[in-house]
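The values are calculated or read from the model by the stated rules, or taken from the named source; none is laboratory data. What you see is a predicted model, and the numbers here were worked out from it, not measured in a lab. We place every Cβ from the backbone using ideal geometry, glycine too, and count neighbours over all the protein chains shown. Only protein heavy atoms, including side chains, enter the accessible area calculation; ligands, DNA and RNA are left aside. Shrake-Rupley method; radii C 1.70, N 1.55, O 1.52, S 1.80 Å.
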Amino acid sequence: MKVLVAEDDRVSLKVLERFLEKWGHQPLTCENGLDAWNLVSEQKDIEMGLVDWMMPGLDGLELVRRIRSSERSTPFHVILITAKSEKKDMLTAFEAGADDFLVKPVDPMELNSRIKVGSRLVESQKQLYLKNVALTKAVTEMEDLAEQRARMLLHADRLASLGVLTAGIAHEINNPTTFISGNAQTLERCWPLVERTLKSKAESTPERDRRKIDLVLTEIPKMLSGIRNGVERISAIINGLKTYSRKDREHFEPVDLNQCVHRALILCGNRLNHLEAEVVLELDTDLPNTRGNAQKLEQVLVNLIVNAADAMEELTGRVRPRLVFRTSFDPMHTELTVTDNGVGIPPEKLPDIWNPFFTSKDVGKGTGLGLSISQGIIEDHKGTITAENAAKGGTRFTIRLPKAVPDSTDDREAGAS
Amino acid sequence: MSLILLIVDDEEMIRDMLSRHFSLLDYDVMTAANGREAVRILETQRIDVVITDVMMPDMNGIELLRYIKEHNPTLRPIVITGYVTLDNALSCLRLGAETFIFKPLQDLAELENAVNRIEERLKNWQRKLRELRGMKP
Ligand SMILES: Nc1ncnc2c1ncn2[C@@H]1O[C@H](COP(=O)(O)OP(=O)(O)OP(=O)(O)O)[C@@H](O)[C@H]1O
Ligand SMILES: [Mg+2]
């Protein structure tokens, strides 16, 4: 133990130093209070002090006071040594912050015992301090966890109420869309008849009124296709929302993620061929099964592939599109990464891509539901999906899913949560 | 002799749209706003094809299918619906539905095809029944 010895009498100082060394301590000596103060301030691992009361400059009592009022977080046990032996002197010393009191001439045996007592105190204080630190850390961690959990719940809650809301909206919009769409289609079928009739009527109409009929003849088909186009877009959104509000009971079983990749690629093959994209498969052949619903997982993959294709298409001509699929696993999880070399996502936009209706694509091209639906599906699987920018440009999506438990091949579970 | 369709949907605009569409295709069309009205029509009148919604007040589509299966077992109703759960879809299958088609009916051709299939099936049976009559002494 590092022990400060502050004593203005050189002989006593030497004697104390010797004894301390003999008892296995590491004495640090000073001949006045100010030096002692500096030493103690610098070296926080000095844990004990033998301090003479009477010293020139800063005396022992003052030194103790200073130490006690400084913000020292490590324990420091002070034994004040003095020629004074009045009871009131002792009280003054304790008042100032000394832990122990020895009267000169110091009896080495007594000093040794007192140092031992002091060491024990320091040791238990140190333990207490460490426990305290650990406790504070644990508390902060718990607070962090609680906060994370609260966030997750909030998110889940938002998703759930959004699910209910969107199911309602989808249903409400569906019916009017049905009759707009149906009527437009019927009208389109009737149009040839109307057109023929109008044309023949136009022939017997004076020039002046004919202009209007001609206009109708050219514009109505365009109006019809305008309606048709609008309906198609609304339908796409409704379809997205329907998946989004997943009410179906889902069926989880052991799924081969590698297979999902293959099947999703078949579904999107045309799109990737068209881009002349290089598809790299780094699929782990030892990959254990994943607990999940193959169709839903393929749906997620299709979303990711279509997004990647869109992102890579934007760079056509500049780099050869390259899409890498990699699977891996650890004792509890399987993992799949999909990495493209497309335009990438601006870092400040990264958190937004999961929001329903967030899209950077042209109106009519993207509904902005793909990733939010995918996230919902992965969360139903008790997995995670994350996005990051890939090192060499482009984007990487990482999906982590729970491994299938070998003997539970058929468990049904409510998907909506 | 043209086929008689019964369109069942609680949304008037959809009933109108569909009956207009099939009238223009030369079918005879009747409409009902819910399962109960449909049953009243089925009790009094020949119907060849039923097109029905699922979610309706006062006897929904599934209940209507159940009635039809019991009382008009030769009918193969077509179900049009905005939202189908797996359970619903299986009920449709078990109760003898021809198919179900999702609203918003982006392409009416799917519905027309289903109607055509039913028409073919009926015609086929009529032929068979005529043959049977012809064979009788
Ligand atoms: N691989 C990717 N590279 C770059 N940006 C991406 C990638 N994947 C997603 N994004 C960005 O995230 C947005 C949201 O994607 P999301 O799939 O949810 O919707 P979307 O593709 O725009 O529309 P859709 O509903 O048709 O999928 C995209 O518009 C795009 O800006
Ligand atoms: Mg997308």
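A:Pro221 passes every criterion in (1) facing chain B (nearest Cβ under 10 Å); (2) open to solvent by less than 70 Å² (accessible area, probe 1.4 Å) apart from (1).
Tally the residues that are open to solvent by 50 Å² or more (accessible area, probe 1.4 Å) and either modelled with pLDDT under 90 or hydrophobic (A, V, I, L, M, F, W, C) (or both), restricting the search to region A:96-124. Please lay out each step first, then the result.
From region A:96-124, those open to solvent by 50 Å² or more (accessible area, probe 1.4 Å) are A:99, A:103-105, A:107, A:109-110, A:113-114, A:116-117, A:120-121, A:123-124; that's our starting set.
Still in the list and also either modelled with pLDDT under 90 or hydrophobic (A, V, I, L, M, F, W, C) (or both): A:103-105, A:109, A:117, A:121.
So the count comes out to 6.
Taking region A:197-213 as the range and being among the charged types (D, E, K, R) and either modelled with pLDDT under 85 or exposed (fewer than 14 other Cβ atoms within 10 Å of the Cβ) (or both) as the test, the residues that pass are A:Lys199, A:Lys201, A:Glu203, A:Glu207, A:Arg208, A:Asp209, A:Arg211, A:Lys212.
For region A:380-389, does any single residue satisfy the condition of being part of a helix (DSSP H, G or I) and either free of Cβ contacts under 8 Å to residues at least 12 places away in the same chain or surrounded by 18 or more Cβ atoms within 10 Å (Cβ to Cβ) (or both)? Walk me through it before giving the result.
Step one: list which residues in region A:380-389 are part of a helix (DSSP H, G or I), which gives A:380.
Still in the list and also either free of Cβ contacts under 8 Å to residues at least 12 places away in the same chain or surrounded by 18 or more Cβ atoms within 10 Å (Cβ to Cβ) (or both): A:380.
There is at least one residue in region A:380-389 that is part of a helix (DSSP H, G or I) and either free of Cβ contacts under 8 Å to residues at least 12 places away in the same chain or surrounded by 18 or more Cβ atoms within 10 Å (Cβ to Cβ) (or both).
Any residue at all in region B:104-112 that is away from chain A (no Cβ under 14 Å) and under 19 Å from B:Leu18 (Cβ atoms)? No, every residue in region B:104-112 fails to be away from chain A (no Cβ under 14 Å) and under 19 Å from B:Leu18 (Cβ atoms). Filtered by the rule that a residue be buried (at least 19 other Cβ atoms within 10 Å of the Cβ), assigned to a helix (DSSP H, G or I) and not acidic (Asp, Glu), region A:281-298 gives A:Lys296, A:Leu297.
Look at region A:174-186: where a residue is more than 7 Å from chain B (Cβ to nearest Cβ) and a partner is charged (D, E, K, R) and open to solvent by 30 Å² or more (accessible area, probe 1.4 Å), sitting 6+ places away or on another chain with Cβ atoms under 9 Å, you get A:Pro176/B:Glu11; A:Ala184/A:Arg228.
The residues in region B:13-35 that are more than 14 Å from chain A (Cβ to nearest Cβ) and surrounded by fewer than 16 Cβ atoms within 10 Å (Cβ to Cβ) can be counted, and the count is 0.
Pairing each residue of region A:354-377 that is closer than 12 Å to A:Leu241 by Cβ with any residue that is within 8 Å of ligand 1 (Cβ to nearest atom) and of a type in the set (Gly, Ala, Ser), provided the two are 6+ apart or on different chains, yields C-beta distances under 7 Å for A:Pro356/A:Gly368; A:Pro356/A:Ser372; A:Phe357/A:Gly368; A:Thr367/A:Ala236; A:Thr367/A:Gly240; A:Leu369/A:Gly240; A:Ile373/A:Gly240.
Please specify each residue of region A:10-36 satisfying the condition of being open to solvent by 50 Å² or more (accessible area, probe 1.4 Å) and farther than 17 Å from A:Ser119 by Cβ.
So in region A:10-36, the residues open to solvent by 50 Å² or more (accessible area, probe 1.4 Å) come out as A:10-11, A:14-15, A:18-19, A:21-24, A:26, A:29, A:31, A:34-35.
A:Arg10, A:Val11, A:Lys14, A:Val15, A:Arg18, A:Thr29, A:Glu31, A:Leu34, A:Asp35, listed by residue number.
The set of residues in region A:339-377 being within 12 Å of ligand 2 (Cβ to nearest atom), among the hydrophobic types (A, V, I, L, M, F, W, C), more than 18 Å from the chain's Cα centre (by Cα) and not in a loop (DSSP other than H, G, I, E, B) consists of A:Ile373 alone.
Within the group A:Asp380, A:Asp310, which residue is more than 14 Å from chain B (Cβ to nearest Cβ), more than 14 Å from ligand 2 (Cβ to nearest atom) and within 27 Å of A:Ile234 (Cα to Cα)? First the steps, then the outcome.
Values: A:Asp310 fails: more than 14 Å from ligand 2 (Cβ to nearest atom).
Residue meeting the stated conditions: A:Asp380.
Is there a residue being surrounded by 15 or more Cβ atoms within 10 Å (Cβ to Cβ), within 13 Å of ligand 2 (Cβ to nearest atom) and among the charged types (D, E, K, R) anywhere in region A:331-338? Step through it out loud before you land on a result.
Within region A:331-338, the first condition is being surrounded by 15 or more Cβ atoms within 10 Å (Cβ to Cβ), and the residues that meet it are A:333-338.
Filter again for within 13 Å of ligand 2 (Cβ to nearest atom), leaving A:338.
Retained after the next criterion (residues that are among the charged types (D, E, K, R)): none.
Scanning region A:331-338 turns up no residue that is surrounded by 15 or more Cβ atoms within 10 Å (Cβ to Cβ), within 13 Å of ligand 2 (Cβ to nearest atom) and among the charged types (D, E, K, R).
When A:Val324 is tested against (1) part of a helix (DSSP H, G or I); (2) under 25 Å from the mean Cα position of the chain (by Cα); (3) surrounded by 18 or more Cβ atoms within 10 Å (Cβ to Cβ), exactly one condition is not met: (1).
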